[in-house]
1. Among the candidates 35, 47, which residue alone is crowded, with 17+ Cβ neighbours inside 10 Å, in a strand (DSSP E or B) and in contact (Cβ under 8 Å) with a residue 40 or more places away in the chain?
2. Tell me which of these residue 57 doesn't satisfy, since it passes every other one: (1) part of a strand (DSSP E or B); (2) closer than 17 Å to residue 116 by Cβ; (3) in contact with a Ser or Thr (Cβ under 9 Å, 6 or more places away or on another chain).
3. Somewhere in region 17-24, is a residue without any contact (Cβ under 8 Å) to a residue 24 or more places away in the chain and either within 19 Å of residue 131 (Cα to Cα) or in contact with a Pro (Cβ under 7 Å, 6 or more places away or on another chain) (or both)?
4. Assuming residue 72 fulfils every condition listed in (1) touching a residue at least 12 places away in the same chain (Cβ under 8 Å); (2) in a helix (DSSP H, G or I) apart from one, which condition is it?
5. Here is a list of conditions, (1) exposed (fewer than 14 other Cβ atoms within 10 Å of the Cβ); (2) without any contact (Cβ under 8 Å) to a residue 40 or more places away in the chain, and residue 113 meets all of them except one; can you say which number that is?
6. Output yes when any residue across region 12-26 is within 12 Å of the chain's Cα centre (by Cα) and either in a loop (DSSP other than H, G, I, E, B) or within 28 Å of residue 91 (Cα to Cα) (or both), and no when none is.
7. State all residues of region 94-113 that are acidic (Asp, Glu) and closer than 19 Å to residue 8 by Cβ; if no residue qualifies, say none.
8. Return yes when residue 57 is at pLDDT 95 or above, surrounded by 15 or more Cβ atoms within 10 Å (Cβ to Cβ), hydrophobic (A, V, I, L, M, F, W, C) and touching a Cys at 6+ places or on another chain (Cβ under 7 Å) and no when it is not.
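The values are calculated or read from the model by the stated rules, or taken from the named source; none is laboratory data. As the structure is a prediction and not an experimental result, all values here were calculated from the model. Cβ atoms come from the backbone with ideal geometry, glycine included; neighbour counts cover every protein chain shown.
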Amino acid sequence: MKIQAIDHLCFAVEDLDKARRVYEEDLGLELDGLYVAESEEIRVARYYVGEVALELIEATSPDSEVAKFIRRRGEGFYLISYRVDDVEDALAELRAKGVETVDRRPRRLKGNRYAFIHFPDELSGVLTEVLDGEFGYDEKDAEEAD
């Protein structure tokens, strides 16, 4: 598996609107997109810093993985996403090396195929994602958020 680039970094936040004010007004980042990913039970604000996206994610359900993360660890760094040529190939290669993957098959969201990998000890508990595709709006996967 060849990692091409860091695609995005995610930060779990309790209040997306409050976090947006800091990132936009104080840090001067420009909002690239705001959407709801129903499949992941999150509301997302997306920014770009150079070629890397930064996402602030707020849980839309108390049972979501993001809500559970915040209850266990508090707000903060949640996920790193690496761009690869082919997610299915990456998953197969990782499993062949004995790496535990959360997903057996790719998920889909906004024009991307992605899968979660978890290296609990090796990467300090950071959730890791691999993805391919082009980030774009897809009505079947996400709705625009207010």
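1. The unique qualifying residue is 35.
2. (3)
3. Checking region 17-24: not a single residue is without any contact (Cβ under 8 Å) to a residue 24 or more places away in the chain and either within 19 Å of residue 131 (Cα to Cα) or in contact with a Pro (Cβ under 7 Å, 6 or more places away or on another chain) (or both).
4. (1)
5. Every listed condition holds for residue 113 apart from (1).
6. For region 12-26, residues within 12 Å of the chain's Cα centre (by Cα) and either in a loop (DSSP other than H, G, I, E, B) or within 28 Å of residue 91 (Cα to Cα) (or both): present.
7. Within region 94-113, just 103 meets the criteria.
8. Numbers: at pLDDT 95 or above: yes; surrounded by 15 or more Cβ atoms within 10 Å (Cβ to Cβ): yes; hydrophobic (A, V, I, L, M, F, W, C): yes; touching a Cys at 6+ places or on another chain (Cβ under 7 Å): yes.
Here the answer is yes, as residue 57 does meet what is asked.
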